[in-house]
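Below is one structure, written out as structure tokens; comments come after it.
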Amino acid sequence: MTTSSAPGKVYLFGEHAVVYGEPAVPCAVERRARVTAEPRDDDRVRVDAGDLTLDGFTVTWGGDVDERPDVDAPPKLVAAATRYVDEAVQQTRAAIDDETQGFDITVESDIPLGAGIGSSAAVVVAAIDAATRSVGVELAPETVAERAFQAEYAAQDGQASRADTFCSAMGGAVRVEGDDTRTLDAPPLPFVIGYDGGAGETGELVASVRDLRERHSFAADTVEAIGELTRTGEELLAAAADGGLSTDRLDRLGELMDVDHGLLSALGVSARSLDAMVWAARDGGAHGAKLTGAGGGGCVVALDRTDGTERSLSLTPECEQAFRAELATEGVRVESP
Ligand code: PMV
């Protein structure tokens, strides 16, 4: 039996623009999915996802068994979670060169589901790492990242970027530009996250930006401007990794986050709840705040070393959950061998 964990992520800069070849900087955050894998004597897969929903569920499939769970969990959620784990198991089987190995998989996650902070990527990354290790195969984090990307790509019908899985496997701040993924040196960023309890439809939001960009040159310019501020942000991160995260550097990173949020709003992907949380964070003393991920609902991310932002967010009606989630320097890791 092996347990591995992997972190969720926020976008410090660059979501949406990354779709058009601009760079983006996702950062892993200290909210983890923990997956335990135990090899079985048959070719079945059993998933126990106790913490994914309020009631949790258990699903078994493979061989002649296809037991659907007898629980209150929404069927859509169960189907999605099952698909991610199934694809992770397929990748594990390919990695260990045994197409019939079965597994008992237990998932525990403290990353809000479907909120744009990388819950599915973290589960897939941790599942591949735990399942391969449980049969004595150790993969490098880069290999886990690649296999997790393939799993997400299959589970999301070809609609997945490498950002979430690479960031979750490697940890820290990373840079994504097309298929080019690399890790960045970054200082310990004091992230605070606000969650409105909802989620946006990534596919629809990406399509709406594409449409706007085709009809208006200002939207193409806006996408380029996001790319430019992301590059400036990268330089600031590098300087702060070398010379320390001074208040002045936090202010300048925060300023870029504020501008990024404004540009994303101009592209039409913010929402009333996200704007309310961004302003609550700023009122609470955040150095800067922006939506993270596709938008439309879900999460905002702010920078603040004090507890002012978290307090202000938790007093905001649009915010269902506010929590601190520092930069996770470690990506996928073994919790118990
Ligand atoms: O909401 P998330 O975390 O899946 O992020 C979507 C990020 C986009 O740039 C909007 C789309 C993408 O695939 O990069």
Long-range HN-HN contacts of Ala289 with modeled amide H, under 5 Å:
Asp258
Quick one: if the Förster radius is 41 Å, what FRET efficiency do Glu138 and Ala207 give, using the C-beta to C-beta distance and rounding to 0.05?
0.55
Sorted by chain and number, the residues with a modelled amide H under 5 Å from that of Ala199, at a separation of 5 or more or across chains, are Gly298
Mean accessible surface per residue for the chain, computed with a 1.4 Å probe while every protein chain stays in place, in Å²:
41 Å²
Once amide H atoms are built 1.01 Å from N in the peptide plane, which residues 5 or more positions from Asp104, or in another chain, come under 5 Å H to H?
Glu38, Arg40, Arg46
HN-Hα couplings for segment 21-35 via Karplus (6.51, -1.76, 1.60; θ = phi - 60°), in whole Hz with x for Gly/Pro, come out as x, 7, x, 10, 10, x, 10, 6, 10, 6, 9, 10, 9, 10, 10
Rounded to two decimals, what ratio of Rg to Rh does the chain give with C-alpha atoms and a Kirkwood Rh?
0.98
Using +1 on the beta carbon of Lys and Arg, -1 on that of Asp and Glu, and nothing else charged, what's the dipole of segment 191-324 about the Cα centre, debye to 20?
100 debye
For an R0 of 25 angstrom, estimate the FRET efficiency from the Cβ-Cβ distance between Glu99 and Asp157 and round to the nearest 0.05.
0.65
Using only Cα atoms, locate the centre of segment 118-154 and the centre of segment 201-243, then give the distance between them in Å, rounded to an integer.
28 Å
Taking every other residue with Cβ under 10 Å from the Cβ of Gly197 and scoring Lys and Arg +1, Asp and Glu -1, one gets -3
In percent, what relative contact order does the chain have, based on Cα pairs under 8 Å that are 6 or more apart in sequence?
25 percent
Dipole magnitude of the chain about its Cα centre (Cβ charges: Lys, Arg +1; Asp, Glu -1), debye to nearest 20
560 debye
Could you give the nm distance between label points at Asp251 and Arg215, where each point is 7 Å from its Cα heading toward the beta carbon?
4.0 nm
Membrane-span-like helices in the chain: DSSP H runs reaching 18 Å or more (Cα, own axis), mean Kyte hydropathy at least -0.5?
75-96, 119-134, 141-155, 217-243, 247-266
Can you list, largest first and rounded to whole Å, the semi-axes you get for segment 223-304 by taking the square root of 5 times each eigenvalue of its Cα gyration tensor?
22, 16, 8
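The values are calculated or read from the model by the stated rules, or taken from the named source; none is laboratory data. Predicted, not measured: the structure shown is a model, and the values here were computed from it. With ideal geometry, Cβ positions are generated from the backbone for all residues, glycine too; neighbour counts draw on all protein chains shown. Each accessible area value is taken on the protein alone, full model and side chains, heavy atoms only, with ligands, DNA and RNA left out. Shrake-Rupley method; radii C 1.70, N 1.55, O 1.52, S 1.80 Å.
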